[in-house]
1. With every protein chain left in place, what is the accessible area per residue of the chain in square angstrom, probe 1.4 Å?
2. According to the Kirkwood expression over distinct Cα-Cα pairs, how big is the hydrodynamic radius of region 115-177, in Å?
3. Full-extension gain between Leu274 and Ile33, please, as 0.36 nm times their residue separation minus the C-alpha to C-alpha distance.
4. For the chain, state what percent of all Cα-Cα pairs lands in each successive 10 Å bin, counting from 0 Å until the bin that includes the largest distance.
5. If each of Asn228 and His248 carries a label point 7 Å out from its Cα toward its Cβ, how far apart are those two points in nm?
6. Shape verdict for region 150-275, please, from the Cα gyration tensor: rounded (a/c under 1.5), prolate (a/b greater than b/c) or oblate.
7. Could you look at region 139-227 and say what percent of its accessible area is carbon and sulfur, using a 1.4 Å probe and all protein chains?
8. In the full protein assembly as shown, how much of Ile33 is accessible to a 1.4 Å probe, in Å² to the nearest 10?
Amino acid sequence: MTLPDMLARPRPRPLPKLAKAGMRMSLVPLRVIRGRLRYLSPFPRRFSGAYPSHAEALRAASRRGVAGYDHDEVADVAFEKMCQVAPWDYPVLFWLRRLSGEVVSLVDAGGHMGTKYRAFFDLLPVSPDLRWTVYDVPAVVRAGRRRAEADGLQGLEFVERLEDADAADLFLGSGLLQYLDVPLPDLLRRMRRLPRHLLLNKVALRAGPGVVTLERIGTALVPYQIRNEADFLREVETLGYVLVDRWHIPSLSHVIETHPELGASRSEGFYFRLR
């Protein structure tokens with residue numbers, strides 16, 4: 001075939017937008033099937049299942065073994081790693097330093113065994129008068145008290161009920177919201193008064209409806225909530241908070257292996273101030 005003949009041949013027309021959309025839609029069932037087949041894999045999955053609520057996810061986990069975080073054998077998982085400063089901690093450190101003159105009491109909700117206190121202590125101008133109170137589930141609080149006593153950490157306190165914490169100037173929730181079994185406004189209303197400052201980090205969000213999956217932590221399956229972003233922001237703002245700052249954490253975006261069609265979550269951090 002000569003070059004003029006080749007040039008004279010009709011070129012393939014680009015696919016219409018509707019056809020392209022149809023091709024993408026036809027791939028969705030394949031992603032669904034591939035995801036569901038992950039249930040049969042002998043390899044462990046970090047995230048599995050998709051449930052409409054924390055309660056339903058917890059019931060599903062209970063049928064498969066150790067469910068939830070409130071177990072002695074789960075409390076020590078990854079403790080040393082959590083005591084290290086991670087890249088996504090630096091926005092929190094920035095705001096803690098900026099607010100140090102305004103904060104004399106802090107509630108670290110979901111603060112594990114005081115991991116952020118240990119990680120941040122040498123990087124912050126911590127006043128001897130600062131009250132750093134960790135709120136967590138009973139198994140973690142018991143382990144945290146033992147470690148704090150053994151390490152001689154006098155400035156670290158623990159409570160199993162948020163109502164038992166003193167009034168706080170700042171509420172820190174780093175990695176809290178994924179595992180929280182109540183709406184955030186309900187939790188904050190348990191405090192003696194709403195804290196003026198709200199630092200929330202590693203918040204799992206998505207554009208679509210909220211979903212709860214199960215995360216494997218050690219031997220346990222723990223409900224992990226991915227919130228609708230607009231609903232989350234509306235809940236916080238309804239309490240009277242104003243968004244001051246936010247940051248994106250690309251490395252903490254996750255896909256539920258058994259439900260890839262739901263897409264990847266987005267991990268965000270926020271600083272809110274009470275009006």
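The values are calculated or read from the model by the stated rules, or taken from the named source; none is laboratory data. These numbers were taken from a predicted model, which means no experiment stands behind them. Please note: Cβ atoms are built from the backbone with ideal geometry, for glycine as well, and neighbour counts cover all protein chains shown. SASA here: full protein model, heavy atoms, side chains in, ligands and nucleic acids out. Shrake-Rupley method; radii C 1.70, N 1.55, O 1.52, S 1.80 Å.
1. 54
2. After inverting the pairwise mean of 1/r, the radius is 12.6 Å.
3. That pair, Leu274 and Ile33, stretches by 82.1 nm at full extension.
4. 6, 25, 31, 18, 8, 5, 3, 2, 1
5. In this crude spin-label approximation the distance works out to 2.2 nm.
6. oblate
7. 44
8. The accessible area of Ile33 comes to roughly 100 Å².
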